[in-house]
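Here is the structure we will look at.
Just so it is clear, none of the values below were taken in a lab; they were calculated from the coordinates. Source: prediction; values computed, not measured. All Cβ positions, glycine included, derive from the backbone under ideal geometry; neighbour counts span all protein chains shown.
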Amino acid sequence: MELDPRIARAESLDELRDLETELLGKASDLSRRKASLRDLPPEERREEGKRINEERSALEAALAARKSALESAARSSRLDAERLDLTEVIGAPERGHLNLVTQTRDRLEDVFCAMGFVVAEGPEVETDWHNFTALNLPPAHPARSTQDSLYVEWGEPESTLLRTQTSPVQVRLMQSQDPPIYAVMPGRVYRRDTPDARHLPSFSQIEGLVVDRGITFAHLAGTLEAFTNEYFGSGVHSRLRPYFFPFTEPSAEFDITCVICEGSGCRTCSSTGWIELGGCGMVHPKVFELCGVDPEEWTGFAFGFGIDRLAQMRHRIADMRILGDNDIRLIRQF
Ligand code: DAH
């Protein structure tokens, strides 16, 4: 039995449907032969009837096979058209990373946590009382003017400001929990400063506070030396110079070995071999009293320094202002 060769060659479902009508429909040769069966003598009628059925089944099978082949070709060309090209995304992943100041802050937290400190935070919009008064800087104290403040319009005039230092977080900690306290407090601070190579109007500081029984100046010096060795490496040391801060007594500024010349003297350290990092001292009894801690029972030390300044020194960045510029050429280096 010869099958119609047009079935295998049909290019579309429409073409196939037309062929089906032509080959199996009412006007088809098969239908016509079926209709004239009754005119045949009984013997031939059986033979012819059988042949017609076989031909019909063969045609139906061939049409169904071609139909499914055409349908699957249509499906795969539709999937091809809808496929998303993800090679660009998978091939070259562009990942962002943390700003250098944030990386520095994270690393500082790690070093202090390993030394047994916890991390605490406080608000950036602060009351004048927490930022100054409770730190033994009463209204009109001359040292207030060393930190040019940005006041916000809230409550009484000059009662609320963007904190000029992280030291008010010390106050909040002492008010909210009983000693012993071993905490570091990183965060952003604000001052009415004109930006230059070593100053930004908004920068980050990290504050440290220890309050316990029997804490001495030796603990302060030892803690700062241990931190300096751990953070910068064992060749970098710390030293303390007498200074004045209203919230500590005695107070000191602390220097570290110049990381540029490693202590031999260069332009950055004005040939001294040391660079100033921050301030520190023994918590003033007046501050303890204002924060509700008994100075007869407890002693403690505090320190504070700039995180941006630290990053600047560690990575030898000439101008601090680029730390906040979002210049991809700087960001990509760290
Ligand atoms: N808050 C001081 C500043 O911003 C730094 C400082 C000095 C913090 C001495 C302290 C400290 O905790 O004891 O200049």
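Summary of computed values
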{"read-out": "Peptides 160-171, 34-45, 292-303, 15-26 ordered by average Cβ neighbours within 10 Å, highest first", "value": "160-171, 292-303, 15-26, 34-45"}
{"read-out": "Space enclosed by the convex hull of the alpha-carbon atoms of segment 6-82, per residue, Å³", "value": "71"}
{"read-out": "All lysines inside 26 Å of Lys34 as judged from Cα atoms, apart from same-chain residues fewer than 8 positions distant", "value": "Lys26, Lys50, Lys67"}
{"read-out": "22 Å Cα-Cα reach of Lys286 towards lysines, excluding residues that sit fewer than 8 places from it in its own chain", "value": "none"}
{"read-out": "Estimated FRET transfer efficiency (Lys286, Asn99; beta-carbon r; R0 45 Å; 0.05)", "value": "0.75"}
{"read-out": "Dipole axis of the chain (+1 Lys, Arg; -1 Asp, Glu on Cβ), positive-most option in Ile256, Asn53, Pro179", "value": "Asn53"}
{"read-out": "Relative contact order %, the chain, counting alpha carbon pairs below 8 Å whose residues are six or more apart", "value": "14"}
{"read-out": "Which of Thr127, Thr223 has the fewest Cβ neighbours within 10 Å, and the rest in rising order", "value": "Thr127, Thr223"}
{"read-out": "Whole-Hz couplings from phi, Karplus 6.51/-1.76/1.60, listed for segment 56-69; x for Gly and Pro", "value": "4, 4, 4, 5, 4, 5, 5, 5, 5, 5, 5, 4, 5, 5"}
{"read-out": "Segment 28-187: C-alpha gyration tensor shape, a/c 1.5 cut-off, then a/b vs b/c", "value": "prolate"}
{"read-out": "Cysteines in the chain lacking a second Cys C-beta under 4.7 Å", "value": "Cys113, Cys280, Cys291"}
{"read-out": "Shape call, segment 255-296: gyration tensor on alpha carbons, a/c limit 1.5", "value": "prolate"}
{"read-out": "Debye, to nearest 20: dipole size of segment 6-82, +1 on Lys, Arg Cβ, -1 on Asp, Glu Cβ", "value": "260"}
{"read-out": "Loop sites in segment 205-303: trypsin sites (Lys or Arg not before Pro), DSSP, at most 10 other Cβ within 10 Å", "value": "Arg213, Arg267"}
{"read-out": "Burial ranking of peptide ranges 307-317, 56-66, 224-234 (average Cβ count within 10 Å, highest at the top)", "value": "307-317, 224-234, 56-66"}
{"read-out": "Listed residue (Ser36, Thr21, Ala8) projecting farthest to the positive dipole end of segment 1-44, Cβ model", "value": "Ser36"}
{"read-out": "Segment 92-184: relative contact order in percent, alpha carbon pairs under 8 Å with at least 6 residues between", "value": "35"}
{"read-out": "Charged-residue dipole, Cβ positions (Lys, Arg, Asp, Glu), the chain about Cα centre, Debye nearest 20", "value": "740"}
{"read-out": "Column: log10 I(q)/I(0), Debye, Cα scatterers of the chain, q = 0.08, 0.13 Å⁻¹", "value": "-0.52, -1.01"}
